[in-house]
């Protein structure tokens, strides 16, 4: 299949060849790996906090939430693999192609918040594990977690297979530790089975249930998985893609069921040890560690618990780094050094952790862990909804789109998550207003954010549907065609005409108007400005996906118009159109500049100002505004 733009995780993209494997087992083994990197996010320290809180307060009653979350995760991760295998795009890249730049920037910020919340859980979990095993103060444990930033760099330079082997080794440590814990705990199997019957005892159970969902179905994993499957080099035929989808699903099913076992084991351990002994207030990992030995009668139980915690924190922190690189490159088309990216993500996570420890004490870290998972759950809708739209598109998925039953199941899952999150937000805001002495701050700062989030959620849901209807009605697409330009030859005195283009529907009118004014005797220069963050920083030295793509579009315009007998030149600028367009025009010997709307409308004009107004005051020649 055709690959669009730059490759996701380019340094390891397509490095594992699967097409030459003849044996079914060897073929399966070649595909096993990406889902294990994803699965560690389903068993990180954030999960521990929500699972312990749920088990100690409500016994086995929330086991069904874990099972439901695991089924949700399996379905959603299969959608991610479908997107990555069929279109050769990760979720961030697909969003960048489908939504306006301003919306993509907001989605990028939300994705970064989700990654920071994930990394916060790893920082705290790692620090707690070091504290429990070696007595290292939490504040020092949090500080030294910066050092693990360089482990990823070492592993990824060794190749994807070695990184996957390292992660699988850590998962084996986690799983083995909890298998031994189950032997010590001896849970009541008859009571355990009743935990799979859906029930929510009270609002606290709802809060923890949403935290469990957020800890299980994690937003950054959706970006990560759609990229990691592209490390496999596959046969791009229809048969090869179908086989890759099947084997990736098997990989996901095995890995995520292992993650479910770990999460269930933690909740069962908390239920059979703490809830059974009426210790309902155990929600902190430290308390669980301290109580395991006296309640289970073994000094090995807490040791295995702490070792598993460190392994979970370390494995999850590696995948969080990769996810951060994917969303930055995908949404912003901006690539920075991996060690810089890792340090930035880790520092963002360390600051709230240190603040909590210093001002609220080490005992508050458990509540911070649960809060981080609720934050993750609140981000889910902004990743899931675009994903469902992308894999439902018959044209872009080239026959590998999801069928109606899976589409319905996906939207039901999304509806459940968004509805639960909506109820949680409503309850929390209402309680804050009731409890606050001066609720004006909530109305001024919190309520607008909530309303804005709801509007954005509605927008990303409805926009693809509207665009699809427009395409079906054959409304002109943003990029013009030869038939739209038409045969226009009305000679005018203008001999050298500059035309600013932005690859939107405005180009049709701009180019047609310019051709009417100059006719076939004039020379036309098409000017387009690349506005990416990289272009703003590096100018003409940038060589990113958008620059290459824009250059191709300019040349396609040039070729199309030259075939109709017009003399065409093209020039690519870099940076802000308000500054670059006047500079190009003033440096040339143009008779006329033709400007369209240049893509800024409504609130974008308020934020960035109109390109038209700024340019027309800076050039020295007549400006024709279309």
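The values are calculated or read from the model by the stated rules, or taken from the named source; none is laboratory data. Because the structure is predicted, anything quoted here is derived from the model rather than measured. Reconstructed Cβ throughout: ideal geometry from the backbone, glycine too, with neighbour counts over all protein chains shown.
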Looking at segment 187-228, which of the residues that are part of a loop (DSSP other than H, G, I, E, B) and within 15 Å of the chain's Cα centre (by Cα) is farthest from residue 55 (Cα to Cα)? 218
Inside segment 229-335, counting only helices (runs of 4 or more DSSP H) that do not spill past its ends, which hold 2 or more residues that are surrounded by fewer than 24 Cβ atoms within 10 Å (Cβ to Cβ), at pLDDT 80 or above and within 24 Å of the chain's Cα centre (by Cα)? 238-270, 300-332
With the condition kept exactly as written, say whether any residue in segment 53-69 is crowded, with 24+ Cβ neighbours inside 10 Å and at pLDDT below 85. yes
Could you check how many residues of segment 398-419 are crowded, with 17+ Cβ neighbours inside 10 Å and in a helix (DSSP H, G or I)? 6
Is it true that some residue in segment 468-476 is in contact with a helix residue (DSSP H, G or I) (Cβ under 8 Å, 6 or more places away or on another chain), modelled with pLDDT under 75 and farther than 30 Å from residue 237 by Cα? yes
Just to verify a result, which residue in segment 438-456, among those that are at pLDDT below 80 and over 24 Å from residue 381 (Cα atoms), is surrounded by the most Cβ atoms within 10 Å (Cβ to Cβ)? 439
Return yes when residue 550 is assigned to a helix (DSSP H, G or I), closer than 24 Å to residue 577 by Cα and at pLDDT 80 or above and no when it is not. yes
Take residue 136 and tell me if it is more than 29 Å from residue 458 (Cβ to Cβ) and part of a helix (DSSP H, G or I). no
